[in-house]
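What follows is a short report on a single structure.
The values are calculated or read from the model by the stated rules, or taken from the named source; none is laboratory data. In this text the structure is predicted, and so the values were computed from the model without any measurement. As a convention, Cβ positions derive from the backbone with ideal geometry for all residues, glycine included, and neighbour counts pool all protein chains shown. For the accessible areas, the whole protein counts, side chains as well, though only heavy atoms, and no ligand, DNA or RNA atoms are used. Shrake-Rupley method; radii C 1.70, N 1.55, O 1.52, S 1.80 Å.
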There are 2 protein chains.
Amino acid sequence: MRKTILGREIPDQLDGIELKPFAGAFAARPSGTRAAPPVKCRLPGEAKCLPDLDAVFTKVGLKSGMTLSFHHHFRNGDMLMNQVIAAAAKRGIKDLRIAASSIFPVHAPLVEFIRSGVITRIDSDYVSGPVAEAVSSGLLPRAAVFRTHGGRARAIECGDLHIDVAFIAAPSADAYGNINGVTGETACGSLGYAFPDADYADQVVAVTDNLQPYPLTPISISQERVGWVVELEKIGDPNGIVSGTTKVTKDPVQLLIAQNAAKAIAASGLLQNGFSLQTGAGGASLAAAAFIAEMMREKHVVGSFIMGGITGLLVKMLEEGLFKRILDVQDFDLEAVRSVRENPAHEEVGACLYASPFNSGCIVNQLDCAILGATEIDTDFNVNVLTGSAGAIMGGSGGHSDAAAGAKMTIITANLTRSRIAVIKDRVRTICTPGETVDVLVTEWGIAVNPRRTDLLERFTKAKLPVHSIEKLREKAERLCGKARPIPEGERIVGIVEYRDGTIIDVVRARA
Amino acid sequence: MRKTILGREIPDQLDGIELKPFAGAFAARPSGTRAAPPVKCRLPGEAKCLPDLDAVFTKVGLKSGMTLSFHHHFRNGDMLMNQVIAAAAKRGIKDLRIAASSIFPVHAPLVEFIRSGVITRIDSDYVSGPVAEAVSSGLLPRAAVFRTHGGRARAIECGDLHIDVAFIAAPSADAYGNINGVTGETACGSLGYAFPDADYADQVVAVTDNLQPYPLTPISISQERVGWVVELEKIGDPNGIVSGTTKVTKDPVQLLIAQNAAKAIAASGLLQNGFSLQTGAGGASLAAAAFIAEMMREKHVVGSFIMGGITGLLVKMLEEGLFKRILDVQDFDLEAVRSVRENPAHEEVGACLYASPFNSGCIVNQLDCAILGATEIDTDFNVNVLTGSAGAIMGGSGGHSDAAAGAKMTIITANLTRSRIAVIKDRVRTICTPGETVDVLVTEWGIAVNPRRTDLLERFTKAKLPVHSIEKLREKAERLCGKARPIPEGERIVGIVEYRDGTIIDVVRARA
């Protein structure tokens, strides 16, 4: 056992793999070279279209023990991963690692395949629903690996996450493997999270329900990288990309939080021409965006770009001229899909470009402000977005840690209490995003500033914002709902939480 | 010495590098993995803009013996390569290898740097003007390496051509290294030939005369790969991209050849919906394209895509609806630049995607027809586009061998005699494109079909095209201008001609 710089105990190794404890958000430096997949060759006249998944498995030489990757641009509307795993199981394949950028409730059928040993490992950036419960309860024989979106891209590009076969759900594809997500009946918009998979997997399979004449354009992922194309009846339901939380909240408490966040931005000095912003797609984040838009109109500020999961509200801000660009790694509603298809100022970007810490510079490095959520935050500003306070897995970082690390000012918005549980803890159950990358906590009861940011504290105080120490806010929350009794955790590690640089920032243990 | 399958003698090794003799256009198969450049890291807040080339050299650690790469999208209007080499020479740098996708007369100042030992090696796909003369005369201490556009991309992607520092002339760039060629006063259109350099060079420098606010879009080459940005007063003259040969010829002989080429396409059976075409930018090629357009209108044929160097004439065919897409690796006039900027059906593609034989399938593999030129062609249909019949270097393959290898039908258009020299030889001086990938020769005196293509011979005969054996056409030419006396060549090898797969198809020797 070794300790991270934040005091968490990390085993020296797990399942035969050496774990490096987290040493600070910007402490790790890369060495070595990028992943180098096998060079391919395709002669003129050779075709790529195959009749079904079984034929694909034969061509790619699918074997037990392999790592299969999937993207999550259909979110809870994805229909591909379940089909692929079911077909692999039918062939008698076992011991698969699933490298899925996210896993949703729709993937409930995978639980049965975990139970039967078809799936023995999961690497993901976000897991919710029955698969999350299965991982929490220790059903997987090996610990799941939780990464950030930027960390997953880095792990693939740097060779730490080796993918044998990438399955790419393609809303449109041509028979020679050019793909995009912006056309077709199941258009889901950006395919950015699948870019590293396509670039570095040993084998790449495009799975589409919309085969188009050659050449399909725009080309998001190109024929250079796609070895095989297969048509299925249905790969996804684009309505599933809309999660329940992509509308501006009407809840007065959330609106109050959003307004406080907007005021914090106004006071920060960042709201000037060229301002850049990433928001989550939660109701409070979107409400904050709406308040920010209002301020930008008033002050005649024109922002440079919006990043993050894109929704119709952000598209409106682009179209109104409040921002000059949207850089889009993922779309959260159909208005966003329309915009990335039609508007040249709305640019699709890949996951490495978005958030990998180990290239010549990712987009989050250029963010002025990120507005993010939290399941828990502690008095050191460490944030948990992976586990509930009882320890159950119910989400993941996604781009949380990435945006926090990159942005000049990272704001966490959270209700001080949620279901009678205080959001501020002495110690979060699981650290996902280190406190050194979190600058401000905004709640309905006031704003706390990370003591490292004396500059912001001064500005906020001058602007007469309701600033309190985070300890003060924690006390307030505890007065409201009492101090939560710590829920003991078991010994067995069911998940490891990898920071974006590849070090281990925490582990998730099974319940006691 | 070993012999290629075409009988050319190739030394076992040259300058310490083992040479593999050409064994057939589709004989070589890749092994190994893609090039793996060092992983980078850029922390938030770190800037990339540097004041001048000297500061760039310091940052990238420029040293004697390095390989510097350049793209040729400005063609004879390029102003970057001369500036970079002059600045390097000023620092006392020696023994550089110049990996330039093409070299033009405008690069005449490099000759002095060859003479003084600043430049000792040249790898290029096309060299004309004073640098070509210098190479021919043996001024370089090591043999120049001539590749095809697809072969250069392959060599970079597969690690055979290792680039220390790529200098990318960027008509527009932002301060964090996003680049495109479609905006700005010096817009040159597609930057496709620079894509592999950006992806695989150890260090990437964007040099621009048009620094734009972050984030620049569209992003052709992204900040992920660009380490440094420097602004110079001028990087290129976009008028220089227009070579003298991008207008439809008015020469009656050339028009006759073009018409014969169009008739051959009509007779081939390929001119159906979905037809795809690559033409050179020479006057006869363009005239052929105009005749093809006429036939497509008459027959109500809608083609799938046009590839190759793009001109306004091809843009008009897209806009008229004769073709559905242009896939664009390079623009040859300002109309093409406008189109790739404005028309979503006109897509920029990189050199690997265009033509590398060693990936999951390049675009030339999807060509129905390629119409290409020739300096010489022999009775085995081998084509020389590199040296004049006296042996002087005056061009190079560019995409010639790539398109020929990929297309279902490759047509060479050539005047039977040129400056009183017969274009058809018993044996071309230098083999660039092997005869097995050339199907048809079209001249003003008739059409010759490669005997391998009995299917085409039958179709052309049935269509009453003026078909002759290539030997017959050669005799005709020799009757017109006499048999050329073979011009002896010296011993010393001044250039090696690498086929797209990395094998050596021929060598260029200094004059006797």
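In whole angstrom, note down how far apart the Cα centers of segment A:404-433 and segment A:70-85 are.
What the calculation gives is 29 Å, centre to centre.
If you project the alpha carbons of the protein assembly as shown onto the principal axes, what extent comes out on each, in Å, largest first?
107, 64, 52
Per 5 Å bin from zero, what fraction in whole % of the C-alpha pairs of segment A:317-453 is there, up to the bin with the longest pair?
Calculated over all Cα pairs of segment A:317-453, the distribution is 2, 10, 17, 19, 17, 14, 12, 7, 2, 0 percent.
Using a probe radius of 1.4 Å on heavy atoms only, what accessible surface per residue do you get for segment A:232-376? Whole Å² is fine.
Value returned for segment A:232-376: 33 Å² of accessible area per residue.
Quick one: label points 7 angstrom along Cα→Cβ at B:Ser137, distances to the other copies in nm, smallest first?
For B:Ser137, the inter-copy label distances come out at 8.4 nm.
Looking at the protein assembly as shown only, what percent of DSSP beta bridges run antiparallel? Nearest 5 please.
Percentage antiparallel, nearest 5: 30.
By the scheme Lys and Arg +1, Asp and Glu -1, what is the net charge of all other residues having a beta-carbon under 11 Å from that of A:Pro215?
Its environment carries a net charge of 0.
Between chains A and B, what is the buried accessible area in Å², counting both sides, with a 1.4 Å probe and ligands, DNA and RNA left out, to the nearest 100?
Chains A and B together bury approximately 4800 Å².
Which loop GluC sites (Glu not before Pro) in segment B:119-226, with loop taken from DSSP, have no more than 11 other Cβ atoms within 10 angstrom of their Cβ?
B:Glu185
If you count the DSSP beta bridges with both ends in segment A:48-240, what percent of them are antiparallel, to the nearest 5?
Around 10 percent of the beta bridges assigned by DSSP in segment A:48-240 are antiparallel ones.
Taking only C-alpha pairs under 8 Å that are 6+ residues apart, what is the relative contact order of chain A in percent?
Reported as a whole number, the value is 16 percent.
Between beta-carbons, use under 12 Å as the cut-off and find the net charge around B:Ile257, counting Lys and Arg +1, Asp and Glu -1.
That works out to 0.
Restricting to Cα atoms and excluding each atom paired with itself, what does the Kirkwood estimate give for segment A:71-198 in Å?
Here the Kirkwood hydrodynamic radius works out to 15.1 Å.
Out of all DSSP beta bridges in chain B, what portion is antiparallel? Express it as a percent rounded to 5.
If we restrict to bridges inside chain B, about 30 percent are antiparallel.
Between the label point of B:Glu319 and that of the same position in each other copy, find the distances and list them shortest first in nm, with every label point placed 7 Å from Cα along the Cα-to-C-beta direction.
Result, one decimal in nm: 2.8.
Just subtract the alpha-carbon distance of A:Asp251 and A:Lys59 from 0.36 nm times their residue separation and send over the number in nm, one decimal.
Roughly 63.8 nm would be gained on extension.
Which residue in chain A puts its Cβ closest to the axis that rotates chain A onto chain B, and at what distance in whole Å?
Taking the axis that maps A onto B, the answer comes out as A:Ala36, 2.
I need the Kirkwood Rh of segment A:252-485: take the reciprocal of the average 1/r across all distinct C-alpha pairs and report it in angstrom.
17.8
Please give me the summed charge of the neighbours of B:Tyr354: other residues whose Cβ is under 15 Å from its Cβ, Lys and Arg +1, Asp and Glu -1.
Charge balance near B:Tyr354 sits at -3.
Give me the percent of Cα-Cα pairs in chain B that sit more than 30 Å apart, rounded to a whole number.
Considering chain B, 46 percent of its Cα-Cα pairs are separated by more than 30 Å.
Strictly greater than 27 Å: what percent of every Cα pair in segment B:217-370 meets that?
The calculated P(r) of segment B:217-370 puts 27 percent of pairs beyond 27 Å.
How many percent of the alpha carbon pairs in segment A:373-512 exceed a separation of 25 Å?
Tail of the P(r) past 25 Å holds 26 percent of the pairs.
If the cut-off is a Cα-Cα distance under 16 Å, which lysines reach B:Lys63, setting aside same-chain residues fewer than 8 apart in sequence?
By straight Cα distance, B:Lys63 reaches B:Lys90, B:Lys94.
With runs of 4+ DSSP H residues as the only contributors, calculate the mean residue ellipticity of the protein assembly as shown at 222 nm using -39,500 (n - 2.57) per run, divided by the residue total and rounded to the nearest 500.
For the protein assembly as shown, the value works out to -7500 deg cm²/dmol.
Would you mind listing how long segment A:282-334 runs along its three principal axes, going by Cα atoms, in whole Å with the largest first?
Taking max minus min along each principal axis of the Cα atoms, segment A:282-334 gives 29, 22, 15 Å.
Cut-off under 20 Å on the C-alpha distance; same-chain residues fewer than 8 positions from B:Lys324 excluded. Which lysines are left, in chain and number order?
Cα-Cα hits under 20 Å: B:Lys299, B:Lys316, B:Lys408.
Find, among the GluC sites (Glu not before Pro) in segment B:242-339, those assigned to loop by DSSP (not H, G, I, E, B) with at most 13 other beta-carbon atoms within 10 angstrom.
B:Glu320
State, in angstrom, two size descriptors of segment A:383-453 derived from its alpha carbons: Rg to one decimal place and Dmax to the nearest whole number.
12.0, 33
List the trypsin sites (Lys or Arg not before Pro) in segment B:203-260 that DSSP assigns to loop (not H, G, I, E or B) and whose Cβ has at most 12 other Cβ atoms within 10 Å. Which are they?
Answer by residue number: B:Lys234, B:Lys250.
A:Ile17 label points, 7 Å along Cα→Cβ, one per copy: pairwise distances from this copy to the rest in nm, shortest first?
In ascending order, 3.9 nm.
How far apart, in nm, are the 7 Å Cα→Cβ label points at B:Lys3 and B:Ser469?
Those two pseudo-labels are separated by 2.2 nm.
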